[in-house]
1. Could you run through segment 122-141 and say how many residues are modelled with pLDDT of 95 or more, outside any loop (DSSP other than H, G, I, E, B) and charged (D, E, K, R)?
2. Looking for something among the aromatic types (Phe, Trp, Tyr) and not in a helix (DSSP H, G or I) - is there at least one such residue anywhere in segment 145-156?
3. Can you tell me how many residues in segment 14-26 are under 38 Å from the mean Cα position of the chain (by Cα) and not in a loop (DSSP other than H, G, I, E, B)?
4. Could you list all residues from segment 27-82 that are loosely packed, with under 12 Cβ neighbours inside 10 Å, assigned to a loop (DSSP other than H, G, I, E, B), at pLDDT below 90 and not aliphatic (A, V, I, L, M)?
5. Filter segment 83-96 down to residues that are modelled with pLDDT of 95 or more and among the charged types (D, E, K, R) and give me whichever is surrounded by the most Cβ atoms within 10 Å (Cβ to Cβ).
6. Suppose the filter is surrounded by 13 or more Cβ atoms within 10 Å (Cβ to Cβ), on the phi < 0 side of the Ramachandran plot and over 19 Å from the mean Cα position of the chain (by Cα); does Lys122 pass it?
7. For segment 93-128, what are the residues that are acidic (Asp, Glu) and either more than 18 Å from Pro61 (Cβ to Cβ) or in contact (Cβ under 8 Å) with a residue 60 or more places away in the chain (or both)?
8. Can you find a residue in segment 105-121 that is modelled with pLDDT under 95 and of a type in the set (Gly, Ala, Ser)?
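The values are calculated or read from the model by the stated rules, or taken from the named source; none is laboratory data. Because the structure is a prediction, the values reported are computed rather than measured. In this analysis, Cβ positions are derived from the backbone assuming ideal geometry, glycine residues included, and neighbour counts consider all displayed protein chains.
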Amino acid sequence: MDVKYALGLERCSKKVNGNVYQLTVLDSTLEDTGSYSCLVKLAKTSCTVKVMERPVEIVKPLTDQEVVEKQTATFSCTLSRPRLKVSWYKNNVKLSEDGRIEFAVEGKVYKLIINNAQLDDKATYKIKFEEDAESSAKLTVKGLILINIKLLKFLVFLNVFLE
């Protein structure tokens, strides 16, 4: 029996088992969404197929960071798809960019950059995407030890003098 498929794909498999005709689209993509038809003699059937995107997956999650005051802390998260809308949070409060806080995207890598880290930047940071998917990590900021050179020289001199 002659069967015609109204389809312009080379990525398909056609099977016949008795009076059951099966068409399988291999390695489907979003562009394969549409109407499909099968014509057997004078009988015709058709259907509409919608190809759904795979859910976003975390390829490389955020990792804990430790910096010294005034250094830059960078959190990176690699996702399975580029060009996603993401949100960043500090202790569950949504962040926005300012002079010190920056968001960056390089392909599938999403970054939170905290310039000139301060002690109060110590927190849990989170990236959220696709409603409920997320990754989080902690930032530890260590204080700078500032030494007054003149005072240090004086103390060394005083220590030598007192011996």
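1. 2
2. no
3. Within segment 14-26, residues that are under 38 Å from the mean Cα position of the chain (by Cα) and not in a loop (DSSP other than H, G, I, E, B) number 5.
4. Result: Asp27, Thr29, Lys41, Glu53, Arg54, Pro55, Glu57, Pro82.
5. Lys90
6. yes
7. Scanning segment 93-128 gives Glu97, Asp98, Glu102, Asp120, Asp121.
8. Within segment 105-121, one or more residues are modelled with pLDDT under 95 and of a type in the set (Gly, Ala, Ser).
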